[in-house]
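Heads up: the structure comes next, in structure tokens.
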Amino acid sequence: MTCVHLLLTLVFAVSLGTPVEIQRPRGVPLTKKQFYVENKPFTCLDGSRAIPFDRVNDDYCDCKDGSDEPGTAACPNGSFHCTNAGYRPMFIPSSRINDGICDCCDTTDEYNSGAKCENTCKELGRKEREVLQKMAEITKEGFLLKQHLIEEAKKGQQEKKSKVTDMQGNKKQLDEKVEVLRTVKETAEQPEKEAKERHLKAWEEQKAAIRLEKDKAKMAEAFFVSVSELQSHAELDADADGTLTETEAQGLMGGAEQVDTSTFESVWPNIKDKYHSEVSREEADMSCLPEEPAPVETPPDEVKEPVVVNDSEPYPEDDISEEEDEDDEDEDDYHEDDDKVSAPPTIKAPEKSHEDEEAMPPYDADTQALIDAAQKARDDFEEAEKALREMDDQIRNIEKELSFDFGPDAEFTYLYSQCYELTTSEYIYRLCPFNRISQKPKYGGSETNLGTWGSWSGPENNKYLLMKYEHGTGCWQGPNRSTTVKLTCGKETVVTSTSEPSRCEYLMEFTTPAVCQEPANTDLSPHDHEEL
């Protein structure tokens, strides 16, 4: 009856939620109770020796591993187990036992120090459950968002694949169109080229004829009969001493004292490049003179008309005397002179420059028509070729995006082509997933590359928890900067923090629903691990 009564008492206590302590030495966890059997020798947990049970927790360290003193501070390498009913159990170093500081929330570590400790396990358990409840809600909402992201990503990938297929078909047609337009262009350019060459050839011939006529006119103007006439042109001096000697002049004239027209034609090529006509020499001399300041024109005094006292009785024309007529004539003459003086000087039309004379005349109508036709063919070809290049770029960009590892279910696809910023007191950090990370001073300055996309680098069981960005801007006398991005579950996609744990190696924390796992049906009721 005694055993039955004891069992009923135990069941009744459990049903009321009352913790019942299972008898075992102080500081021993329930998982190791079987090693501490009363009235039997205790074997050190490292197997080094066996001691009588009454030497367990006798405040003297017998075992090297400290397992014989789980409830005292005798062994420097021992550990004390806090039961912490209502909260999480924990181990503390045995050196903290009875040190006057409450380490266990159930106060069991300060059983003999006299410290006034309060059991806070229930309150800590309540707060922990609130945090766990909040985390569970975030995980649940994040997982629902993740499912939506997966659905959108798969739909988007299918659309992109279909788009690439369609674009590749259109690209084939565009390739054919470009080749056709290339042929049209080359066909149109050939007659254009021939017409331009004919026009240019005709113009070159015309220019040669004009130059020949000018050369003959200049030669006729410069015709010298004797050496003495030639000596008047010092610009022909060969040794540049400022004087054209008779000997030098005879040398230019082929050794003759006088020449006729036919002989001068052979002399002219030797002197025509240096020869200056009289007119051109006078103009050169005038250009060397200082310019006179332009006279300042004084505006004529304003002529005030006499005030008419009585305009109701005008003077009859017959009463005007001859003297007044003469005066009027004089005044007319005076004003005519004024008109001559005040009339602005006529602007002399600029003479045609040598370049203007050498300018090619416009194309004739037939040639211009060929040029216009060829230009239209070129424009059509270039437009089609540009469209082909743009289509190639689009196909290449979509194929690049599809080649990325966006997770087992493509849940990270939505991060592609997006950027997220975090502003601190000094810097603005910018994370562009699958691209690069940068750092820029908040108050101006150049941007620093903290790494470009490398790979997923999480643990084996889930590599999608860490991103690695490498080969950033080099540090001064150090390695290139790199960044590890730690991903955690969250309802929002945001950079939460950044740090530099070691030189040039950055750590960034990033929340995203893409890493939220399906929540387990966890019972968040008070801890039932009260060791009975």
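The values are calculated or read from the model by the stated rules, or taken from the named source; none is laboratory data. Predicted model, so just to flag it, every value in this text is computed and none were measured. Counting neighbours? That spans all protein chains shown, and the Cβs are built from the backbone with ideal geometry, glycine included. In case anyone asks, the SASA skips ligands and DNA or RNA and just uses the protein heavy atoms, side chains included. Shrake-Rupley method; radii C 1.70, N 1.55, O 1.52, S 1.80 Å.
Just one residue in the set Lys486, Lys468 is modelled with pLDDT of 95 or more, basic (Lys, Arg), touching a Ser or Thr at 6+ places or on another chain (Cβ under 7 Å) and outside any helix (DSSP H, G or I); that residue is Lys468. The sole residue among Glu351, Glu336, Glu382 that is open to solvent by 90 Å² or more (accessible area, probe 1.4 Å) and modelled with pLDDT of 90 or more is Glu382.
Please tell me if Thr512 is open to solvent by less than 30 Å² (accessible area, probe 1.4 Å) and either of a type outside the set (A, V, I, L, M, F, W, C) or within 22 Å of Ser438 (Cβ to Cβ) (or both). Yes; evaluated as a whole, the condition is true for this residue. Is it fair to say Thr488 is open to solvent by 50 Å² or more (accessible area, probe 1.4 Å) and β-branched (Val, Ile, Thr)? Considered against the rule, which asks whether it is open to solvent by 50 Å² or more (accessible area, probe 1.4 Å) and β-branched (Val, Ile, Thr), Thr488 comes out as yes. The set of residues in region 459-475 that are among the small types (Gly, Ala, Ser) and buried (at least 16 other Cβ atoms within 10 Å of the Cβ) contains only Gly472. Taking residues in region 119-131 that are within 13 Å of Asn84 (Cα to Cα), and partners anywhere that are open to solvent by less than 50 Å² (accessible area, probe 1.4 Å) and hydroxyl-bearing (Ser, Thr, Tyr), the pairs with Cβ atoms closer than 6 Å and at least 6 places apart or on different chains are Asn119/Thr107; Cys121/Tyr87; Leu124/Tyr87; Gly125/Tyr87. For region 436-481, the set of residues classified as among the aliphatic types (A, V, I, L, M) and closer than 18 Å to Leu422 by Cα consists of Ile437, Leu450, Met467, listed by residue number. Evaluate the following for Leu230: is it part of a helix (DSSP H, G or I), open to solvent by 80 Å² or more (accessible area, probe 1.4 Å) and modelled with pLDDT under 90? Answer is no for this residue. Residue check: is Ile398 farther than 30 Å from Trp203 by Cα and either within 37 Å of the chain's Cα centre (by Cα) or at pLDDT 90 or above (or both)? So Ile398 fits the description; yes. Take the conditions modelled with pLDDT of 90 or more and assigned to a loop (DSSP other than H, G, I, E, B) and apply them to Lys40. Does it pass? So Lys40 fits the description; yes. In region 134-152 there is no residue matching the filter, namely being among the small types (Gly, Ala, Ser), under 24 Å from Ala384 (Cα atoms), touching a helix residue (DSSP H, G or I) at 6+ places or on another chain (Cβ under 9 Å) and surrounded by 12 or more Cβ atoms within 10 Å (Cβ to Cβ).
In region 96-107, the residues that are in contact (Cβ under 8 Å) with a residue 40 or more places away in the chain and open to solvent by 40 Å² or more (accessible area, probe 1.4 Å) form no Cβ pair under 8 Å with any partner that is in a loop (DSSP other than H, G, I, E, B) and hydroxyl-bearing (Ser, Thr, Tyr), whether six or more places apart or across chains.
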